[in-house]
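Chemist: Okay, handing you the structure first.
The values are calculated or read from the model by the stated rules, or taken from the named source; none is laboratory data. Everything numeric here is computed off the predicted structure, so don't read it as measured data. When we count neighbours, we look across all protein chains shown, and the Cβ atoms used for this are built from the backbone with ideal geometry, even at glycine. For accessibility, only protein heavy atoms count, side chains too; no ligands or nucleic acids. Shrake-Rupley method; radii C 1.70, N 1.55, O 1.52, S 1.80 Å.
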Amino acid sequence: QVREFARATGVLAKTDRLDARVLAHFATVVRPPVRALPDAQHQALEELLARRRQMVAALVAEKNRLGLARTRLVKRTVREAAATYERLLELIDRELDDLIKASPLWREKEDLLRSFKGIGPVSARTLLAELPELGLLNRKQIAALVGVAPIARESGSWHGRRSIWGGRGQVRAILYMATVTAMRANVQIRTFYLRLRQAGKPGKVALVACMRKLLTILNAMVRTHTRWQQPSVA
């Protein structure tokens with residue numbers, strides 16, 4: 001946002017002195033909302049989750065290499081590397097468990113989030129770390145923050161196709177996977193998806209709408225401290 005603001009005001013060069021001036025100008029004109037800096041515990045959670053994503057990516061890469069390996073030694077080294085990553089993942093997961101258990105607030109939020117069919121431990125912990133605003137904003141604000149709110153593209157009589165853009169990529173990725181799971185395990189999300197498809201909505205549009213609905217439900221659950229309950233669906 002600040003770089004776009006700088007270009008819009010004609011500041012194309014980039015130095016420390018110019019950056020300081022642009023930041024001050026941006027804060028004066030735009031007045032962005034004040035957000036609290038994450039404490040040491042929250043930073044540790046974010047770092048552990050980031051490292052876990054790296055370990056998962058490395059493990060997937062090694063397993064893919066195993067299918068292409070031909071020589072015995074290469075296969076052996078790939079299996080050993082994969083076993084190492086699996087041990088490291090178990091170590092990180094244990095550390096995440098201990099970190100969550102040490103915080104009564106996080107324990108409560110994780111319990112609330114995981115009560116929803118489709119939200120697992122990784123999804124819940126990513127939301128805790130990457131979306132601390134969950135439960136503090138209204139449904140439109142939280143959807144815009146994550147990047148699942150459709151953005152209008154209109155000019156005069158021309159109406160372009162709305163699409164999502166921006167937001168927090170890691171949260172959106174986790175929300176996507178949770179929604180795909182929920183469409184199989186959760187009657188409410190599955191019924192909503194099928195209704196949209198029957199109304200003629202494309203698959204991707206219906207899926208994003210389900211992501212937004214899931215996020216809205218989770219936001220309300222955390223705000224009201226209410227566990228999810230299966231609604232009666234005809």
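Chemist: Beyond 24 Å between alpha-carbons counts as too far, so tell me which of LYS117/LYS204; LYS117/LYS213; LYS109/LYS140; LYS63/LYS101; LYS101/LYS213; LYS63/LYS117 fall in that bin.
Modeler: Pairs exceeding the cut-off: LYS63/LYS101; LYS101/LYS213; LYS63/LYS117.
Chemist: Now for a different question. Tell me the accessible surface of ARG7 in square angstrom (1.4 angstrom probe, heavy atoms of protein chains only), to the nearest ten.
Modeler: Rounded to the nearest 10, that gives 130 Å².
Chemist: Quick one: give the max-minus-min coordinate of the C-alpha atoms of the chain along each principal axis, largest first, in Å.
Modeler: Largest to smallest, the principal-axis extents are 63, 59, 43 Å.
Chemist: Over all directions, the average projected area of the alpha-carbon convex hull for the stretch 1-112 comes to how many nm²?
Modeler: Quarter of the Cα hull surface area: 12.5 nm².
Chemist: Three principal axis extents, largest first, for the C-alpha atoms of the stretch 110-234, in Å?
Modeler: So the three principal-axis extents are 48, 34, 22 Å.
Chemist: If ligands, DNA and RNA are left out, what is the accessible area of MET177 with a 1.4 Å probe, given in Å² to the nearest 10?
Modeler: The accessible area comes out at roughly 110 Å².
Chemist: Net charge near LEU48, counting Lys/Arg +1 and Asp/Glu -1 over other residues with Cβ under 15 Å of its Cβ?
Modeler: -4
Chemist: Further question on the same structure: For the stretch 51-148, state the average projected area of the convex hull of the C-alpha atoms over all orientations, rounded to one decimal in nm².
Modeler: With the hull built on Cα positions only, its mean projection is 8.0 nm².
Chemist: Could you order HIS225, HIS25 by accessible surface area, starting with the largest, using a probe radius of 1.4 Å?
Modeler: Sorted by accessible area, descending: HIS225, HIS25.
Chemist: What full-extension length gain, to one decimal in nm, is calculated for LYS101 and ARG72 as 0.36 nm per residue of separation minus the Cα-Cα distance?
Modeler: Taking LYS101 through ARG72 to full extension adds about 6.1 nm, to one decimal.
Chemist: Take the Cβ-Cβ distance between GLN43 and GLN1 as r, set R0 to 25 Å, and report the resulting FRET efficiency rounded to the nearest 0.05.
Modeler: 0.65
Chemist: While we're here: Which FRET efficiency value, to the nearest 0.05, is calculated for GLN230 and ALA83 with the Förster distance at 35 angstrom and r the Cβ-Cβ distance?
Modeler: Calculated value: 0.30.
Chemist: Take every Cα pair under 8 Å in the stretch 80-234 that's 6+ residues apart, average their separations, divide by the length, and report that relative contact order as a whole percent.
Modeler: Contact order relative to length: 28 percent.
Chemist: Additional query: Please give, to one decimal in nm, the separation of the simple spin-label points placed at VAL11 and ALA220, each 7 Å out from Cα toward the Cβ.
Modeler: 4.3 nm
Chemist: Which order, highest average first, do 163-169, 202-208 follow once you tally other Cβ atoms within 10 Å for each residue and take the mean per peptide?
Modeler: Taking the mean over residues of other Cβ atoms within 10 Å, the ranking is 202-208, 163-169.
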